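Have a look at the structure below before the remarks.
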Amino acid sequence: MPTPVPPDLDGAEPYEDIRIRIGPRSGLPVIVAVHSTVRGRAIGGCRIAHYPRWQDGLTDALRLSAAMTAKCAVAGLPHGGGKVVVAVAEDTALTGARRRAVLHDVGDAIAALDGAYATGPDVGTGPDDMTTIAERTPYVFCRPPERGGSGDSSGHTAAGVLAALRAVCAERFAAPLAAHRFAVVGLGRVGGQLARLLAAAGAELVVSDIDPAGRRLAGELGAAWVDPADALRAPVDVLVPAALGGVLTPVTVPLLRCAAVAGPANNQLDAPATADLLHRRGILWAPDFVVSAGGVIHATAVELGGRTGEEAARLVTGIEDTLAGVLTAARTAGTSPMAAALALARRRTAPRPAEVSHS
Ligand code: PHE
């Protein structure tokens, strides 16, 4: 049976707001997608990435912002989902004045939404970029601490993934994490820190990155190195996608040699139905929007909730229980974890019934 994707999370219903504008300073297309504010202000990162065509950036913004709605709902945050994508042609480098220009364009685009959306870091942006965006709008998370923000979110995302992996091992193997072999595919800001956490926890590691410089980290951690082209086929207990999305497809799923897949990459599935392929193969796939919530949980707890770093870190490790709940619900209902997580997100994003008028 195909996974029932609720219309409010697969983009079948109109988004609340989608704006595309050529930034007047940078000349680059700035795409802002506000998927939903039903639970509160939309949040989601600002991605600056290369796309063959700007339309591919729009597609990314639409999928990523819907995933943020699900991420916030399952994490229990009073927020909806949004995303900014700046689509950059393959041959354009964004540094110095050009980078400031595009970040100010992004800031103005966010300011124009009057608080419906707040941004944070994502692929291609970091805390210093948030400081630049904040010169145009207050709706920005994760500035460096000395600039009044909660700083880089990637370590917190990695900590959340580690918590999620504990839940995955408990569900799939009824054994602790240290007894297993993991393949971390992608050693960027989140993947690199996650590989360190896994190594420190005593797990056996295989790592991979498109940048051969990652071999240094492999050596340092005593991890085996696998070529990116072969990474998905690594014989491991758990595959951990930590690079860009779209890696799980009807072509790649039959090649997998793992018992579970869970990682921080956003939008790992090419289409929602791929969750069913994984489920039928007996591979436990933990939905990415549940696993990768550590960054938003930490940033909102510190910057909006006034929590200390220690309290926020404890909330991040709560992802273990959240995911365990999703996995139990899936097992009980005989569905994929995706179906269980989306059902939870849908319950939590159902528009409140219109007020009954007594006049
Ligand atoms: N990149 C983050 C995510 O995908 C976005 C984010 C982080 C937004 C921190 C706000 C605060 O979840």
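List the pairs whose first member sits in segment 263-275 and is at pLDDT 95 or above, whose second member is polar (S, T, N, Q), and whose Cβ atoms are under 6 Å apart, counting only residues at least 6 apart or on separate chains?
These pairs meet every condition: PRO264/THR157; PRO264/SER292; ALA275/THR3; ALA275/SER336.
Quick one: how many residues across segment 244-254 are out of contact with any helix residue (DSSP H, G or I) (no Cβ under 7 Å at 6 or more places or on another chain) and not β-branched (Val, Ile, Thr)? Show your work before the answer.
The first filter runs over segment 244-254 and keeps only residues out of contact with any helix residue (DSSP H, G or I) (no Cβ under 7 Å at 6 or more places or on another chain), leaving 244-246, 251, 254.
If we keep only those that are not β-branched (Val, Ile, Thr) as well, we get 244-246, 254.
Matching residues across segment 244-254 total 4.
What are the pairs, 6+ residues apart or on separate chains, where a residue within segment 290-305 that is among the acidic types (Asp, Glu) has its Cβ under 8 Å from a residue that is more than 7 Å from the ligand (Cβ to nearest atom) and not in a helix (DSSP H, G or I)?
That search, which allows pairs on different chains as well, returns GLU303/GLY149; GLU303/SER150.
Just checking, which of ALA286, ALA299 is touching a Phe, Trp or Tyr at 6+ places or on another chain (Cβ under 7 Å) and crowded, with 16+ Cβ neighbours inside 10 Å?
On the way: ALA286 fails: touching a Phe, Trp or Tyr at 6+ places or on another chain (Cβ under 7 Å).
One residue alone meets the criteria, ALA299.
Scan segment 189-209 for residues that are hydrophobic (A, V, I, L, M, F, W, C), surrounded by 19 or more Cβ atoms within 10 Å (Cβ to Cβ) and in a loop (DSSP other than H, G, I, E, B) and jot them down.
Correct list: ALA203 only.
Pairs, please: C-beta under 6 Å, at least 6 apart or cross-chain, first residue free of Cβ contacts under 8 Å to residues at least 40 places away in the same chain and in segment 143-164, second of a type in the set (Gly, Ala, Ser) and within 11 Å of the ligand (Cβ to nearest atom)?
From segment 143-164, the pairs are ARG143/GLY149; PRO144/GLY151; PRO145/GLY151.
Can you find, within segment 127-144, the residue that is nearest to the ligand (Cβ to nearest atom) among those that are among the polar types (S, T, N, Q) and over 16 Å from ALA42 (Cβ atoms)? Walk me through it before giving the result.
Keep residues of segment 127-144 that are among the polar types (S, T, N, Q), which gives 131-132, 137.
After this cut, where a residue has to be over 16 Å from ALA42 (Cβ atoms) as well, the list is 131-132.
Working: THR131: 14, THR132: 16 Å.
Ranking the candidates gives THR131 first.
Quick one: GLY295 ticks every box in (1) more than 11 Å from the ligand (Cβ to nearest atom); (2) among the small types (Gly, Ala, Ser); (3) within 19 Å of CYS46 (Cβ to Cβ) bar one, so which box is it?
The single condition GLY295 does not satisfy is (1).
Would you be able to tell me the number of residues in segment 111-126 that are more than 12 Å from the ligand (Cβ to nearest atom) and touching a strand residue (DSSP E or B) at 6+ places or on another chain (Cβ under 6 Å)?
The total comes to 1.
Determine which member of the set ARG281, ARG307, ARG233 is over 21 Å from ALA330 (Cα atoms) and either away from the ligand (no atom under 16 Å from the Cβ) or surrounded by fewer than 17 Cβ atoms within 10 Å (Cβ to Cβ) (or both). Steps first, please.
Details: ARG281 fails: over 21 Å from ALA330 (Cα atoms); ARG307 fails: either away from the ligand (no atom under 16 Å from the Cβ) or surrounded by fewer than 17 Cβ atoms within 10 Å (Cβ to Cβ) (or both).
The unique qualifying residue is ARG233.
Which of the residues belonging to segment 96-117 are over 25 Å from the mean Cα position of the chain (by Cα) and free of Cβ contacts under 8 Å to residues at least 12 places away in the same chain?
GLY96, ALA97
Inspect all residues belonging to segment 33-49 and state whether any of them is modelled with pLDDT of 95 or more, in a loop (DSSP other than H, G, I, E, B) and touching an Asp or Glu at 6+ places or on another chain (Cβ under 9 Å).
Yes, because at least one residue in segment 33-49 is modelled with pLDDT of 95 or more, in a loop (DSSP other than H, G, I, E, B) and touching an Asp or Glu at 6+ places or on another chain (Cβ under 9 Å).
Scanning for something within 20 Å of VAL326 (Cα to Cα) and among the acidic types (Asp, Glu), does segment 286-308 turn up at least one residue?
Yes; the residues of segment 286-308 include at least one that is within 20 Å of VAL326 (Cα to Cα) and among the acidic types (Asp, Glu).
May I ask you to list the residues in segment 29-66 that are among the basic types (Lys, Arg) and under 16 Å from the mean Cα position of the chain (by Cα)?
Answer for segment 29-66, where residues must be among the basic types (Lys, Arg) and under 16 Å from the mean Cα position of the chain (by Cα): ARG47, ARG63.
Among VAL123, VAL84, which is the only one that is within 22 Å of the chain's Cα centre (by Cα), at pLDDT below 95 and not hydroxyl-bearing (Ser, Thr, Tyr)?
Numbers: VAL84 fails: at pLDDT below 95.
Of VAL123, VAL84, the one residue that is within 22 Å of the chain's Cα centre (by Cα), at pLDDT below 95 and not hydroxyl-bearing (Ser, Thr, Tyr) is VAL123.
The values are calculated or read from the model by the stated rules, or taken from the named source; none is laboratory data. Nothing here was measured: the structure is a model prediction, and the numbers come from that model. All Cβ positions, even for glycine, are placed from backbone atoms using ideal geometry, and neighbour counts span all protein chains on display.
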